[in-house]
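We did not get these values from a lab; they are worked out from the coordinates using the rules stated. Just so it is clear, the model here is predicted, and its values are computed rather than measured. We place every Cβ from the backbone using ideal geometry, glycine too, and count neighbours over all the protein chains shown.
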C-alpha cells in the first residue's frame, strides 16, 4: 500500500519538482495543491502520471494556505479521498510584490508574507500532524513533515526583510514540531534551497547570473526544482530513520564559510 503525500504550492516551480521526483520514486500517492493556477496544476498532474507510469494515484486540491477554511478543506480532501496522510511538504510561498528597503517597507507586504509563508504552514502542519497520528502506520512508509525554507532563513537581504523573517520562522517551526511529534514517529525536516531557477527568481535572473559569474557557491550553478525534489524523495523513502529537526542544505554549498 502506498503512502499519501500532500505538497502545497505544487502546480509549478519547486513544488512541481518535488511532485515529479515523488512520482518517479513511486513511494507515495500525490496530492497536488494550488492556490489560483488550475491549468498549471492539471499540467503537473499529467506529468506526475506520466512519470509514475500509473503506479501511484495523483489528485488535485485547491487551497490558499493563508485561509483557515482552505487548510481545513485540504486536510479533509486527503482524509476523504485518500484515507490517510503520511507526508506533508510545506512548499507554498510568495515573494514580496516589491523589494523595499528595510527602512521604507510597509506593513501590508509584511502581513501578506507572514500570513502565507509562515502562519499558513504553521497551522496546516498542526492539522496534518493530527491526521498523520490518526493514520495507522504502514510497513516501510515513514511519516514526515518537510518545510521548504530558503537560504534567506540565515542570509540577510535588507530589501526583503519580510521574506527573510518568514523563512527564519519556518526554521524554528521545524524544531518545534520535531520536538513535539517525535513520540509519534513523525520526522520533521527543513530543506533550505539556494538560488533555484523558477518563476519566482526569473525577475532577478541577471543579478544571480552575475553573482554566479563571481563564484557565488562551490557548486557554481543555478539550482533546479529537481534538486530540491530529490531531497524530499530521500526523506519520503525513509533514508533518515534516526534524524529529526534536521536542516538539509540544497544550495550548492552556499552556506559554507571559506577563508
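Adding -39500 (n - 2.57) for every DSSP H run of four residues or longer, then dividing by how many residues the chain holds, sets the calculated 222 nm ellipticity at -12500 deg cm²/dmol. In terms of Cα atoms, the Rg and Dmax of segment 1-115 work out to 15.6, 54 Å. As a rough footprinting exposure proxy, the listed residues 200, 173 were ranked by other beta carbons within 10 Å of their own, and the order from fewest upward is 200, 173.
Across segment 1-154, C-alpha contacts under 8 Å between residues 6 or more apart give a mean separation that, scaled by the residue count, equals a relative contact order of 25 percent. Between residue 102 and residue 81, residue separation times 0.36 nm minus the direct Cα-Cα distance comes to 3.1 nm. Placing dummy labels 7 Å off each Cα toward the beta-carbon, the span from residue 37 to residue 175 is 3.4 nm.
Among beta bridges from DSSP that stay inside the chain, the antiparallel ones total about 5%. Among 195, 158, 61, a tally of other beta-carbon atoms within 10 Å of each Cβ gives an order, fewest to most, of 158, 61, 195.
Report the full-extension gain for the segment residue 258 to residue 1: residue separation times 0.36 nm, less the Cα-Cα distance, to one decimal in nm.
87.9 nm
Axis of helix 161-181 versus longest Cα principal axis of the chain: the two differ by about 30°, to the nearest ten degrees.
Stretched out straight at 0.36 nm per residue, the stretch from residue 247 to residue 138 would grow longer than its current Cα-Cα span by 36.7 nm. By the count of other C-beta atoms within 10 Å, a proxy for reagent exposure, 163, 184 are ordered fewest to most as 184, 163. The relative contact order of the chain comes to 21 percent, based on Cα pairs under 8 Å that sit 6 or more residues apart.
With a simple spin-label model that places each label point 7 Å from the Cα along the Cα-to-Cβ direction, the separation between residue 183 and residue 240 comes to 2.4 nm. Computed packing ranks the peptides 66-76, 109-119, 227-237 as 227-237, 109-119, 66-76, most packed first, by mean other Cβ atoms within 10 Å. Among the listed values (1) 27; (2) 23; (3) 43, the one computed from these coordinates for percent of Cα pairs over 30 Å apart is (2).
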